[in-house]
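**Student:** Encoded as C-alpha cells, here's the structure I'll be asking about.
The values are calculated or read from the model by the stated rules, or taken from the named source; none is laboratory data. None of these values were measured; they are calculated from a predicted model. FYI the Cβ positions are ideal-geometry reconstructions off the backbone, even for glycines, and counts take in every protein chain you see. Only protein heavy atoms, including side chains, enter the accessible area calculation; ligands, DNA and RNA are left aside. Shrake-Rupley method; radii C 1.70, N 1.55, O 1.52, S 1.80 Å.
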Amino acid sequence: MSWKITKKLKETHLAPLTQSFGRSSSTSTIKGDAADETPSISQPPSSASQHSNGSATAEDLISPPVAAVKPGILIVTLHEGKNFSLSPHYQQVFDSHFQTNNGPIRPNSSSSHSGQPASSYTQPARPQSISSGINAAPTIHGRYLTKYLPYALLDFEKNQVFVDAVSGTPENPLWAGDNTAYKFDVSRQTELSVQIYLRNPAARPGVGRSEDIFLGVAKMQPLLEERKHYVDDPKLSKKDNQKAAAEQEKNARQHGAEWLELQFGTGTIKVGVSFVETRAQSMKLEDFDLLKVVGRGSFGKVMQVLKKDTGRIYALKTIRKAHIISRSEVAHTLAERSVLAQINNPFIVPLKFTFQSPEKLYFVLAFVNGGELFHHLQREQRFDINRARFYTAELLCALECLHGFKVIYRDLKPENILLDYTGHIALCDFGLCKLDMKDEDRTNSEFAPALPFAKFYEMDEALLTLTAFCGTPEYLAPELLLGNGYTKTVDFWTLGVLLYEMLTGLPPFYDENTNEMYRKILQEPLTFPGPEIVPPAARDLLTRLLDRDPQRRLGSNGAAEIKAHHFFSNIDWRKLLQRKYEPTFKPNVSDARDTTQFDKIFTGEAPQDSYVEGPQLSQTMQQQFTGWSYNRPIPGLSDAGGSVKDPSFGSIPE
C-alpha cells in the first residue's frame with residue numbers, strides 16, 4: 001500500500017559521493033552494551049539463557065496462544081502521572097534555559113515590578129519559577145502553561161493520537177481522565193503503547209515535535225472483552241461462587257484505570273481501558289469522512305479518511321475492479337489483501353478493514369504519515385551509518401516475518417517504506433508478493449526471459465526494452481533478470497541494494513539507461529566509496545548480500561545468517577522487535593491529520609470517491625472478489641490474522 005501507487009522513476013537528484021554529509025552523525029540509534037545507559041524494562045527472573053547480543057531465547061518472546069478477538073472499540077482514558085523526571089543531561093538543559101531567560105525571581109516581589117506601583121492586581125513581567133530540573137519551566141501564579149506539561153502519544157496498531165496534559169506539574173501531570181475518551185478500532189490482539197514526551201525548550205525553530213524529550217513508555221495488553229458481572233451458578237457452593245466471582249473480577253482488572261510503570265524512564269501513569277464489541281457485519285464508504293487525497297495510481301487512489309464512530313484517521317486505498325481485471329492483476333490484489341490480513345508485525349502497515357462496492361475494492365489501513373523513506377533520502381541525500389543500520393535491521397525483521405508466512409516480498413525500495421511519527425519503519429504495498437513459497441521452492445518471474453547468463457547480452461535492445469520484469473529496475477536481482485527462477489534470497493539482494501543506497505545516495509548499479517543498468521547488475525564489479533561513508537563492516541555485509549549467486553548470498557540459510565553478521569553486533573534483536581530502541585530521527589509531524597509529508601499535487605485534490613463509468617461487471621467477474629470484505633477475525637488465524645508466534649522471533653538463538 002504505497003501512497004503513490006504508480007511506479008516512480010528514480011531521479012538523479014543526489015549529490016556526488018565526494019560531497020560531505022549534510023547532517024550531523026547520529027550516535028544513539030544503536031548502542032553497544034557498555035554504552036547503553038537506557039534503563040531496561042524490569043522483568044521477572046528467567047532461566048532463559050542470554051546471548052551476546054542481549055537476545056533472549058525464542059520461547060521467552062512468544063506470546064501464549066490467545067482466543068480469537070471479536071471486532072470492537074477500545075476506549076482509552078488518561079488520568080495522571082507521578083514522579084516523571086529528566087535525564088541529567090536534560091536537567092542541565094532545562095536549568096540553563098529557564099534560569100537564563102527568567103532568573104530566580106519570586107512572583108509579585110518588588111524587583112519583578114520595577115518602576116511600577118505595588119498592587120495585588122499587577123501582573124509580573126513574565127511567568128516565573130523557582131523550581132529546577134523537570135519543573136524548571138515558568139509558572140503563572142503557580143500554574144504551568146500547557147506547553148510546559150508532558151504529552152502522551154497513544155499508539156494502538158499504528159493509530160497514533162497525541163494527548164496533552166491539562167494541569168498539574170511536569171513531574172506530576174494531570175490529564176482529562178474520564179472526561180475525554182479516545183477510541184481505537186480493534187481487529188486483532190495488539191499492544192497499547194503510551195509514550196510520554198516533554199517539549200524541548202532548546203529545540204531549533206521549525207522542527208515541530210521531532211526534538212521533543214522522551215520521558216518513557218508504558219505498555220499493556222488490553223483485555224479485549226466486554227465487562228460482565230458475575231452471576232451465581234446455582235450448581236456451585238457459596239464458596240465456589242465467591243471464588244469464581246473473584247477470578248472474573250481479576251480477569252476484568254483492565255476495565256478501569258490502573259497504574260503502569262514507565263519503561264526507560266521514572267514514574268507511573270494511570271491509564272483506563274475498556275472494550276465494547278461491535279456487531280456490524282459489514283462496512284461501507286459512508287462510514288468514513290473523506291479528508292484528503294495522499295496518492296494516486298493507474299488503478300485508483302489513496303485518501304486520508306476519518307472513521308465516523310471512533311474518530312480515528314486511516315488511509316483508504318481504492319482500486320477499480322474493471323482495471324485490475326483488464327490488466328490481469330486480480331491475483332496480485334488478492335495477494336496483497338491476504339498478506340496484510342495475516343501479518344501482525346511492528347514494522348508492517350496493519351490492515352484494519354476491507355470492503356467492496358459493485359465497482360471498487362477498498363483497503364482501510366493505518367495512516368502512517370511520517371512520509372516515504374524515499375522522500376527523506378531524497379531530501380538528505382544519504383543517511384549516516386547508525387540510521388541506515390537501524391532501518392535495515394527493522395526491515396530485516398519485517399522480511400523475516402513475511403518469509404515465515406511463506407511470502408516473498410519482491411519489491412523492496414524506499415518508495416514502499418513509510419516512517420511513522422516515532423521514526424520506526426512501516427513496510428507497505430504488497431501487490432507484488434509471491435505467496436506459499438517454501439524455503440526450497442523456486443519460482444520464475446512472470447515476464448522475465450529464461451536465458452543463460454551469456455545469452456542475456458545477445459538480446460536485441462528493443463526486445464530488452466519491451467521485456468517487463470517483476471520489480472523496480474534498479475533493485476532487480478540478477479536471477480530475476482535471467483529468468484532462471486528465484487527464492488526468498490531475492491529479498492536479501494534488494495535489502496543490500498537499499499542499504500547501499502541509504503549509505504551512498506544511489507543504488508550500486510544505477511544508470512539512467514535501463515538496459516545499461518541491467519548489464520551492470522549482471523556484470524559490473526561492486527564498488528564502494530571511502531570507509532568514511534561505507535565502513536568495513538558495512539562493506540563486508542553488502543558484498544555478501546549482493547552476491548550474484550543466490551546460493552552463496554548471505555541469507556540463503558535464513559535471516560539468522562544476516563542477523564549474526566558483525567555489522568549488527570550491537571543490536572539486541574529482542575529490543576528491536578519490541579520497538580525498545582528510540583529512533584534518532586522523528587519526522588516533523590504535528591498530529592494524525594498532518595499531511596505535510598505528502599506531495600501537494602495529491603493533497604490539493606478534492607477528496608471524493610469518483611464515479612465509475614461503463615457497463616456493470618458480470619456476475620462471473622464479481623465472483624472473483626467473493627470473501628473480500630474483512631472487519632472481523634479470520635477463522636483459523638487466532639488473533640484476527642496476527643501471528644501468535646511471529647516468525648521473526650524464530651531466528652533468535654536458543
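**Student:** Among the residues that make up the stretch 115-128, is at least one of them closer than 30 Å to residue 354 by Cβ and either modelled with pLDDT under 90 or not in a helix (DSSP H, G or I) (or both)?
**Tutor:** So far as the stretch 115-128 goes, no, none of its residues is closer than 30 Å to residue 354 by Cβ and either modelled with pLDDT under 90 or not in a helix (DSSP H, G or I) (or both).
**Student:** Now a separate question. For residue 318, indicate whether it is under 24 Å from residue 595 (Cα atoms), open to solvent by less than 40 Å² (accessible area, probe 1.4 Å) and at pLDDT below 90.
**Tutor:** No: the conditions fail for residue 318.
**Student:** Follow-up question, since we're still on this one. Search the stretch 198-210 for residues being charged (D, E, K, R) and without any contact (Cβ under 8 Å) to a residue 60 or more places away in the chain, and hand back the single one that is farthest from residue 272 (Cα to Cα).
**Tutor:** 204
**Student:** Condition check: closer than 25 Å to residue 593 by Cβ and open to solvent by 10 Å² or more (accessible area, probe 1.4 Å). Does residue 379 satisfy that?
**Tutor:** Yes; evaluated as a whole, the condition is true for this residue.
**Student:** Taking the stretch 573-595 only, how many residues are open to solvent by 20 Å² or more (accessible area, probe 1.4 Å) and either over 18 Å from the mean Cα position of the chain (by Cα) or hydrophobic (A, V, I, L, M, F, W, C) (or both)?
**Tutor:** Matching residues across the stretch 573-595 total 2.
Per-residue answers, yes or no, for (1) open to solvent by 10 Å² or more (accessible area, probe 1.4 Å); (2) part of a helix (DSSP H, G or I); (3) under 19 Å from residue 188 (Cα atoms):
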site: 310; (1), (2), (3): yes, no, yes
site: 322; (1), (2), (3): yes, yes, no
site: 328; (1), (2), (3): yes, no, no
site: 331; (1), (2), (3): yes, yes, no
site: 336; (1), (2), (3): no, yes, yes
site: 352; (1), (2), (3): no, no, yes
site: 363; (1), (2), (3): no, no, yes
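**Student:** Examine the stretch 520-542 for a residue that is among the basic types (Lys, Arg) and under 31 Å from the mean Cα position of the chain (by Cα), and state whether such a residue exists.
**Tutor:** Yes, the stretch 520-542 has at least one match.
**Student:** Please give the number of the condition residue 171 fails out of (1) over 26 Å from the mean Cα position of the chain (by Cα); (2) surrounded by fewer than 18 Cβ atoms within 10 Å (Cβ to Cβ).
**Tutor:** Single failed check for residue 171: (2).
**Student:** Still on this structure: If you check residue 405 against the conditions, is it at pLDDT below 85 and in contact with a Ser or Thr (Cβ under 8 Å, 6 or more places away or on another chain)?
**Tutor:** So residue 405 passes the test.
**Student:** Every residue in the stretch 75-86 that is part of a strand (DSSP E or B) and either at pLDDT below 90 or open to solvent by 10 Å² or more (accessible area, probe 1.4 Å) (or both), please.
**Tutor:** 75, 77, 79, 80, 82, listed by residue number.
**Student:** Going through 329, 380, 277, 359 one at a time, which residue ends up being modelled with pLDDT of 90 or more and of a type in the set (Asp, Glu)?
**Tutor:** None of the others qualify; the one that does is 380.
**Student:** Given 169, 180, 139, 190, which one is out of contact with any Leu (no Cβ under 7 Å at 6 or more places or on another chain) and at pLDDT 90 or above?
**Tutor:** 169
**Student:** Which residue pairs have Cβ atoms closer than 6 Å, lie 6 or more positions apart in sequence or on different chains, and pair a first residue in the stretch 78-98 that is in contact (Cβ under 8 Å) with a residue 24 or more places away in the chain with a second residue that is loosely packed, with under 15 Cβ neighbours inside 10 Å?
**Tutor:** Qualifying pairs under 6 Å: 93/202; 95/132; 97/202.
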